[in-house]
Amino acid sequence: MNSLIIDSATKTLYIAIVSDDKLVFESYLEGRNDHAKNIVKTIEDGLKASKLDVNDLNEVVVGVGPGSYTGCRMAVTVGKMFTMMPNLKLCKVSTLKLISSSKKGVVLSRISAKHDNYFASIYDTNKNEFVLNEGFYNLEEINKYQYTEDVTDEEFKVDYKEVLKAKEEVVNPDLLVPNYLRDTEAERNLNDKKI
């Protein structure tokens, strides 16, 4: 089984290839709003380094966000392109789950949405349940909860095994959309003008 994992929803473009339950390629590439120019090349480099061809892949696991509006769309779009290949399965995973995958306990995972606002969740790995569901929160709301670990989009380490456990198969790839959790700035400005 060969799995390609892609997440582009944060400042870090994360790409990994897992072959027969072993990590054979992993890249954390810090971006400057340039994931689009690096995503395909990094996948190509990963396949080459892993001595795999694109036809050897069995599944693509994409981070669907929340996070950067454009970033969320990139991984989803690339994942959908791969599904044009026969017998290749598309799966999705929350970006918040992905960035917190190496942490244990009651884990706050958060992605900056500016002005002390975050896309965030608090997940208890011991009970396998959310203490705070994925959502758009300000820091004051988050600080009402207790947690033992805190991971941000600024610095994270991925546990590929946990990501593969958390993945969900996408039955109809054409219907997959990123998990934005809020309107874009342009949509918010338009709505403000309507009031």
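One table, with the values for the structure above:
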item	result
Restricting segment 73-88 to residues that are under 13 Å from residue 174 (Cβ atoms) and buried (at least 21 other Cβ atoms within 10 Å of the Cβ), the residue that is nearest to the chain's Cα centre (by Cα)	76
Any chance residue 80 is at pLDDT 95 or above, assigned to a helix (DSSP H, G or I) and basic (Lys, Arg)	yes
Residue count for segment 125-140, restricted to those that are more than 13 Å from residue 94 (Cβ to Cβ), without any contact (Cβ under 8 Å) to a residue 40 or more places away in the chain and either aromatic (Phe, Trp, Tyr) or surrounded by 15 or more Cβ atoms within 10 Å (Cβ to Cβ) (or both)	4
Strands (runs of 3 or more DSSP E) contained in segment 10-65 and holding at least 1 residues within 22 Å of residue 173 (Cα to Cα)	12-19, 59-63
Identity of the residue in segment 158-173, closer than 11 Å to residue 23 by Cβ and aliphatic (A, V, I, L, M), that ends up surrounded by the most Cβ atoms within 10 Å (Cβ to Cβ)	163
Segment 10-48: number of residues that are loosely packed, with under 14 Cβ neighbours inside 10 Å and closer than 18 Å to residue 69 by Cβ	4
Pairs where the first residue, in segment 154-174, is among the hydroxyl-bearing types (Ser, Thr, Tyr) and the second is modelled with pLDDT of 95 or more, C-beta under 6 Å, 6+ apart	160/16; 160/18; 160/23
Filter result for the condition that a residue is acidic (Asp, Glu) and either at pLDDT below 95 or surrounded by fewer than 17 Cβ atoms within 10 Å (Cβ to Cβ) (or both), over 7, 116	116
Entirely in segment 89-174, the strands (runs of 3 or more DSSP E) that have 3 or more residues that are under 15 Å from the mean Cα position of the chain (by Cα)	89-93, 106-112, 117-124
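The values are calculated or read from the model by the stated rules, or taken from the named source; none is laboratory data. All of these numbers come straight from a predicted model, not from anything done at the bench. Positions of Cβ are generated from backbone atoms using ideal geometry, with glycine treated the same way; all protein chains shown enter the neighbour counts.
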